[in-house]
Amino acid sequence: MAITADDVSLEDIIPISLDFAVVEVSSSEELAVVGADTKMKVSYQEEELELRLPFGSHSRLFLSEVNRVWSDVCKTTTQAPKFEWISKYHKATRGLGTTVNKLNQHQKKEKSSDKKGTIEGEKGSNSGTHKSKAYSSPESQSIFSREDRNDLVRSSSHTPSNKAQILAMPQFGLRDNLIRCELLKNEDLYTYPEDFSFFLGTYNVNGQTPKESLSPWLSCTLNPPDMYCIGFQELDLSKEAFFFNDTPKELEWTKAVSQALHPDAKYALVKLVRLVGIMLIFYVKKEHAEFISDVEAETVGTGIMGRMGNKGAVAVRFRFHNSDICVVNSHLAAHIEEYERRNQDYKEICSRLQFRQLDPSQPPLTIMKHDVILWIGDLNYRISELDVSNVKELIGKKDFETLHSYDQLKRQIDEEAVFVGFAEGDIDFQPTYKYDTGSDKWDTSEKCRVPAWCDRILWRGKNIVQQHYQSHMALKTSDHKPVSSLLVIGIKKVNAEAYKKTFEEIVRNIDKMENECIPSVTLSKREFHFKDVKYMQHHAETLSLVNDGQVPCQFEFIQKPNEPTYCKPWLTANPSKGFIAKGGSVDIELEVFVNRSTAPELNSGKEQIEDILVLHLERGKDYFISVIGNYLPSCYGSSIHSLCQLREPIQDMSQETLREVAKMSGGENAVNTEKPLDIPKELWMMVDHLFRNALKQEDIFQQPGLRSEFAEIRDCLDTGIPDSLPGSNHSVAEALLLFLDALPEPVVPYSFYQQCLEICSNASQCEKVISMLPQCHKNVFNYLAAFLRELLKNSASNRLDVNILATIFASLLLRSPTKQDLAEKRKTQEFFQHFLAQGSS
Amino acid sequence: MAKQYDVLFRLLLLGDSGVGKTCLLCRFTDNEFHPSHISTIGVDFKMKTLVIDGIKVRIQIWDTAGQERYQTITKQYYRRAQGIFLVYDITSERSFQHIMKWASDVDEYAPEKVRKILVGNKSDDVDKRQVATEQGIKLAKAYGMDFFETSAFTNQNIAETFTRLAEQVLAANKKDLDLLRMSNNDEINLAALEEEEGLCDGAPGDQGKGCWC
Ligand SMILES: Nc1nc2c(ncn2[C@@H]2O[C@H](COP(=O)(O)OP(=O)(O)O)[C@@H](O)[C@H]2O)c(=O)[nH]1
Ligand SMILES: [Mg+2]
């Protein structure tokens, strides 16, 4: 049968194993824009790949699907799948193969050295297994996989530890944290205390099953309390309970409790947590349930090997309105002389018991991080230095004050060796340990234990008042008596209106901060005017940028739509990008320079000196800078044909006329009814000047002219028709060469170029080609050739020869429409030499 | 407080130079009004956080140069916007007439899904009014947009206008956002879920009292 979609699953296709991770990544600076791609990093062992997925639900679905499979893999497989199909790709690239090998070795080493951790992990997960059986809650799964993950040596930032992390946007973390911190700092602004009663009860049941109603203990208050936190110890002393953490007693006692809660109110069971025989049940009055959030439960074993659950603590944390509350039920080490061991258990519990937070970027919460801590349990502290008869005598006299001064817990607290910062109410009841089961008689066994206040209730936090603290002698099921306390606790309630105001204020401030941190500069000028721009003349102006923002900034001129560069070809900005420190400044030269490639369009009026530069600040705004100016048209960069139409200097012509002239194709002659000139008058002026003054000039066309003289000559040609030109002969000679070079269409038009190359060795053919040129081009060609032949007649003085002139002029008169190679160059020279021979034409 | 999902939108202010775009932006983000503004030459932006429907929405508002000569350049910013304010000045008939041109540019250059809203600014300046409220309503209706008359000067309808457009953009992207939120809520409501399960497991077989004791 053909493979269908059902035969394929994500698990088989993608090497999802413990070494595999898909995490959403984002650069810290860019925010998630709705519609933007989702960037993600895929890592497998040491290999990493960054991908972009298109925005949308499909990508989201894929991410959550991968994560689901990933958590399944973590839960079920002890042996990682091999994904052999990948290996052939590894072989293909040798480098990759070796990496994988190395990695495997590395992993092996780590596994063996990490043995201890693995065992602990398994033990820890015992309780997890049980929990998931009892509750099948999604939470137990996550606890399980979390513990597994602790054994893996992986950087946490790459671990998709749960769905929240994959879906939450990490880049918002910073802002959220900031808001959270500010909210906490300003808590007084939007919270007010309101009293709630907490009933706390602790009962060591000595492995018994419930035999009597618990009402005398749990319903001893006049009014129904708002909360119940009920702790049990020694719920089940059987081996099964110890080894498998499984006991029917959990249900039996929970039932007994729920039946004995105050009859005048309805209670919801919010959380139950148990470690072997230590159990804590948390109930809340129905109407308060909606204000309870962030409920978490944890356990810590401090028993045999310092880990097992026969001793230790269970705890529940939750948020009620705006107060964070932690309830701990502990069973500490037994035996009269072991009080230091009990102190140590307490410290162990405080440091090892940690609650995960919903926001995975937050560190786990410890007990002491809570506003209110309620600590109950069989703390097992005894009465020392007195023998049984002394103790019983004091009890008989009800002198609990004296007796209390021998209490180990009181002494240890006074020495600040344990429960620092905790308070306990005065004890006005007789010790709760140890009785003969089923009676109120002190222990009559051989051991004849000294009575002790093993069962205690302590608290830590502000605004807490104890209403009662008592034992309940009526209950006779166990060798302990249950103890209860009613605490009235000032809980921070939120004033929604004030909260909203505070929240908005904080957000507004953060927005403001953020807006202030948007890069910003001031510009010395927004408009640049370049007046009377001339051909081949530099015009520059300075644009000063001052970074007046709160942050350093990166600037760059950016391209406009449909334009290949950030500015027109006749303009440059130097530097066009850079960095400015806060408060610093940068000068940018804006330079206009019209050369032979930009001049034709400007001369003909098709193009103007007009541009808008977009100065972009990274992560910031854009500034528009406008550049305008006027260009003085020139014979330089104008076509032979156009110039032949102009009897007046080019700068005396109107824009209109110049545009019209440029539009005309060769031949026709609409503007001027007059006959066009044979050759451009500018060319004639230069050649005639040289003919009259420079025939015998040594090194003519060989020695460069002066730049300043060129400018004078250009202006002269463009503005008037003088009898003679300014500047030296060399400058005029160079001006002539520049003129030929600037012609948009060379003297021998591009369309004739190829033909010229082909017939270059045949003199008569060459002449024939020239005779076919457009009239004005032909005139110019012949005129120049005649002039050059005149020069050659004077070669004794001017030291010119055919070769030199052919080399110079061939490259100007016969230009290649593309790139010219050396062979072509020779051919053009050969072509032109025919016209330099004396007696030709 | 449970972690909420954040989104970012880009909104663009368009309209003739001088209609008050920059003033609207300043009023909304800083709650300030500076009567004499240097006209914007370029493209500027500011951030603002709104809470809509329990979602923290961060909006990036782009203010553009309205002058004719910059319009070919500013058009390239349209395609990055999810929402657009078309702003005219109720004291300028001309700026109102130009809305047609702005709207057709938006149709041409902005993404198809973009949401638009019509804004008639300077509603405080009643003496100089040239465009009747009804004209604005009519035009908005023709384009299928919402319409507000605002005053950056008196702060009238400013928050309303910005919030409305943000809401509309949110709604236009709702499908994808819902999925995000749903998956996020799984985490947030975990505690509540357990609560229910715990209740039923905690007192099974106790028909007399049920879950509530
Ligand atoms: N009376 C009144 N004047 C306003 C209002 N908004 C802006 N202005 C004025 O209109 C002028 C142009 O405002 P500006 O924000 O720079 O317009 P923009 O070119 O669209 O950014 C300024 O002189 C402001 O003082 C308003 O709501 N009422
Ligand atoms: Mg502006």
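The values are calculated or read from the model by the stated rules, or taken from the named source; none is laboratory data. Keep in mind that what you see is a predicted model, and the values were worked out from it rather than measured. Here Cβ is always computed from backbone atoms with ideal geometry, including for glycine, and neighbour counts include all displayed protein chains. With ligands, DNA and RNA removed, areas are computed over all heavy atoms of the protein, side chains included. Shrake-Rupley method; radii C 1.70, N 1.55, O 1.52, S 1.80 Å.
In segment B:94-106, how many are open to solvent by 20 Å² or more (accessible area, probe 1.4 Å) and either at the interface with chain A (Cβ under 9 Å from one of its Cβ atoms) or not hydroxyl-bearing (S, T, Y) (or both)?
6
Out of (1) surrounded by fewer than 19 Cβ atoms within 10 Å (Cβ to Cβ); (2) farther than 21 Å from A:M513 by Cα; (3) touching a residue at least 60 places away in the same chain (Cβ under 8 Å); (4) within 16 Å of ligand 1 (Cβ to nearest atom), what's the single condition that is false for B:N31?
(2)
Condition test on A:I518, is it within 14 Å of chain B (Cβ to nearest Cβ) and open to solvent by less than 50 Å² (accessible area, probe 1.4 Å)?
The answer is yes for A:I518.
Based on what the data block shows, is B:G20 over 13 Å from the mean Cα position of the chain (by Cα) and either within 12 Å of another protein chain (Cβ to nearest Cβ) or surrounded by fewer than 22 Cβ atoms within 10 Å (Cβ to Cβ) (or both)?
When the stated conditions are applied, B:G20 does not pass them.
If we scan segment A:698-711, do we find a residue that is within 60 Å of the chain's Cα centre (by Cα), assigned by the TED database to the domain that holds A:N779 and touching a residue at least 60 places away in the same chain (Cβ under 8 Å)?
Yes, because at least one residue in segment A:698-711 is within 60 Å of the chain's Cα centre (by Cα), assigned by the TED database to the domain that holds A:N779 and touching a residue at least 60 places away in the same chain (Cβ under 8 Å).
Does segment A:495-518 contain at least one residue that is of a type outside the set (K, R), in a strand (DSSP E or B) and either within 29 Å of A:D622 (Cα to Cα) or not assigned by the TED database to the domain that holds A:V627 (or both)?
no
Name every residue in segment A:237-253 that is under 52 Å from the mean Cα position of the chain (by Cα), charged (D, E, K, R) and closer than 12 Å to A:V205 by Cβ, in order of residue number.
Within segment A:237-253, A:K249, A:E250 meet the criteria.
Quick check on segment A:462-472. Is at least one of its residues open to solvent by less than 50 Å² (accessible area, probe 1.4 Å) and within 22 Å of A:I336 (Cβ to Cβ)?
Yes - at least one qualifying residue is present in segment A:462-472.
Taking strands (runs of 3 or more DSSP E) that do not extend beyond segment B:71-157, which have at least 2 residues that are within 16 Å of ligand 2 (Cβ to nearest atom)?
It comes to B:83-89, B:115-121.
Just one of (1) more than 11 Å from ligand 2 (Cβ to nearest atom); (2) within 16 Å of the chain's Cα centre (by Cα); (3) not acidic (D, E) trips up B:C26, so point out which.
(1)
For segment A:558-611, how many residues are polar (S, T, N, Q) and exposed (fewer than 13 other Cβ atoms within 10 Å of the Cβ)?
Of the residues in segment A:558-611, 4 are polar (S, T, N, Q) and exposed (fewer than 13 other Cβ atoms within 10 Å of the Cβ).
Working carefully through the options B:T49, B:T74, B:T91, B:T64, find the one that is in contact (Cβ under 8 Å) with a residue 12 or more places away in the chain and within 9 Å of chain A (Cβ to nearest Cβ).
B:T74
Going through segment A:205-249 one residue at a time, which ones are outside any loop (DSSP other than H, G, I, E, B) and buried (at least 22 other Cβ atoms within 10 Å of the Cβ)?
Matches in segment A:205-249: A:W217, A:L218, A:M227, A:Y228, A:C229, A:I230, A:G231, A:F232, A:Q233, A:A241, A:K249.
Have a look at A:V257, A:V270, A:V276 and point out the one that is surrounded by 18 or more Cβ atoms within 10 Å (Cβ to Cβ) and modelled with pLDDT of 95 or more.
A:V257
This table checks each residue for (1) away from ligand 1 (no atom under 12 Å from the Cβ); (2) farther than 18 Å from B:V119 by Cβ; (3) touching a residue at least 12 places away in the same chain (Cβ under 8 Å).
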| position | (1), (2), (3) |
| --- | --- |
| B:L14 | no, no, yes |
| B:H37 | no, no, yes |
| B:G42 | no, yes, yes |
| B:G54 | yes, yes, yes |
| B:R69 | yes, yes, no |
| B:G83 | yes, no, yes |
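Would you check if there is a residue in segment A:283-290 being touching a strand residue (DSSP E or B) at 6+ places or on another chain (Cβ under 7 Å), assigned to a strand (DSSP E or B), among the basic types (K, R) and more than 14 Å from A:S330 (Cβ to Cβ)?
yes
I'm trying to understand the selection: among the residues of segment A:568-590, which are without any contact (Cβ under 8 Å) to a residue 60 or more places away in the chain and within 30 Å of A:E656 (Cβ to Cβ)?
A:K568, A:P569, A:W570, A:L571, listed by residue number.
Looking at A:E348, is it acidic (D, E), part of a helix (DSSP H, G or I) and touching a residue at least 24 places away in the same chain (Cβ under 8 Å)?
Yes, satisfied.
Just one of the numbered conditions (1) open to solvent by 10 Å² or more (accessible area, probe 1.4 Å); (2) within 10 Å of ligand 1 (Cβ to nearest atom) is not true of B:R10; which one?
Against the list (1) open to solvent by 10 Å² or more (accessible area, probe 1.4 Å); (2) within 10 Å of ligand 1 (Cβ to nearest atom), B:R10 comes up short only on (2).
Among the residues of segment B:17-28, count how many are charged (D, E, K, R) and more than 6 Å from ligand 1 (Cβ to nearest atom).
1
Of all residues being basic (K, R) and more than 23 Å from A:M305 (Cβ to Cβ) in segment A:320-371, which is least open to solvent (accessible area, probe 1.4 Å)? Just the residue, please.
Ranking the qualifying residues of segment A:320-371, first place goes to A:R356.
Which of the residues belonging to segment B:51-81 are of a type outside the set (S, T, N, Q), buried (at least 21 other Cβ atoms within 10 Å of the Cβ) and more than 12 Å from A:I612 (Cβ to Cβ)?
B:V57, B:R58, B:I59, B:I61, B:W62, B:D63, B:G66, B:A81, listed by residue number.
A quick yes/no check of all residues on (1) touching a helix residue (DSSP H, G or I) at 6+ places or on another chain (Cβ under 8 Å); (2) outside any helix (DSSP H, G or I); (3) away from ligand 2 (no atom under 13 Å from the Cβ); (4) acidic (D, E):
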{"residue": "B:L11", "(1), (2), (3), (4)": "yes, yes, yes, no"}
{"residue": "B:G18", "(1), (2), (3), (4)": "yes, yes, no, no"}
{"residue": "B:T22", "(1), (2), (3), (4)": "no, no, no, no"}
{"residue": "B:D44", "(1), (2), (3), (4)": "yes, yes, no, yes"}
{"residue": "B:T49", "(1), (2), (3), (4)": "yes, yes, yes, no"}
{"residue": "B:I59", "(1), (2), (3), (4)": "yes, yes, yes, no"}
